[in-house]
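Below you'll find the structure, written out as structure tokens, and then a few comments.
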Amino acid sequence: MPQIPLKDLLDEIRACTHCESELPLGPNPVVRASSTARLMIIGQAPGTRVHKTSIPWNDPSGDRLRQWLDLDREQFYDESQIAIMPMGFCYPGKGKSGDLPPRPECAPLWHQRLLELMPELRLTLLIGQYSQGYYLNDSYKTLTERVRNWRECPPGLIPLPHPSPRNQLWLRRNPWFEEEVVPMLQKRVTELLID
């Protein structure tokens, strides 16, 4: 399939209605990308607040993620530097213990096509189990094991837990994450964005 310009692909994604009948709030694909972006953030799927505003990570999870990256909102939403692409582009609905998993159709439909149009990407953050399961072919049985062994990931990929307020217990049980991984992450992101 011949490549189309990134702007046209983003328009196509934002107009997607592929799984409209499965979405409780209807389709509203949320994605940000540019051909100059160096950092890619791959999360799960928009929550209700992100669905309403069409701004990714525009919620308490995003506040914590920006703290982990040591970026303010202006830096974080600088599309020329940072691309944001969830596993599921639309809000999937509510489950028993939080939002439902991302719709499985989105990543195979759109991810590769988007990535091919972003040649400057140097670092990809895989946030949560869904992106890690899709992009990492490893033998770790838990997200905790995978994040603890981030050095074993392919170059340019860093697995992270989800920054949701629901993960307070995980963060308390795993203080090494904020003591060791977050400082490394901040250093890598700073170097990448000022290079």
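Pairs meeting the criteria (first residue in region 154-165 and part of a loop (DSSP other than H, G, I, E, B), second residue open to solvent by 40 Å² or more (accessible area, probe 1.4 Å) and at pLDDT below 95, beta carbons under 6 Å, at least 6 apart or on different chains) are P161/N167.
T53 falls short on exactly one of the conditions (1) within 16 Å of the chain's Cα centre (by Cα); (2) open to solvent by 30 Å² or more (accessible area, probe 1.4 Å); (3) of a type in the set (V, I, T), and that condition is (1). The C-beta contact set for region 175-195 (first residue within 17 Å of A83 (Cβ to Cβ), second residue surrounded by fewer than 17 Cβ atoms within 10 Å (Cβ to Cβ) and polar (S, T, N, Q), distance under 9 angstrom, 6+ apart or interchain) comprises L193/Q75. Somewhere in region 94-104, is a residue at pLDDT below 95, on the phi > 0 side of the Ramachandran plot and not charged (D, E, K, R)? Yes, some residue in region 94-104 is at pLDDT below 95, on the phi > 0 side of the Ramachandran plot and not charged (D, E, K, R).
Listed conditions (1) over 27 Å from L69 (Cα atoms); (2) surrounded by fewer than 18 Cβ atoms within 10 Å (Cβ to Cβ) are all met by L23, apart from (2). Within region 40-58, one or more residues are at pLDDT 95 or above, of a type in the set (V, I, T) and closer than 19 Å to L121 by Cβ.
Does at least one position in region 104-111 carry a residue that is of a type in the set (D, E) and more than 29 Å from L23 (Cα to Cα)? Looking through region 104-111, none of the residues is of a type in the set (D, E) and more than 29 Å from L23 (Cα to Cα).
The values are calculated or read from the model by the stated rules, or taken from the named source; none is laboratory data. Quick caveat, the model's predicted, so the values are computed rather than measured. Note that we place each Cβ from the backbone using ideal geometry, even for glycine, and neighbour counts take in every protein chain shown. Remember, those area values only see protein heavy atoms, side chains included, never the ligands or the DNA or RNA. Shrake-Rupley method; radii C 1.70, N 1.55, O 1.52, S 1.80 Å.
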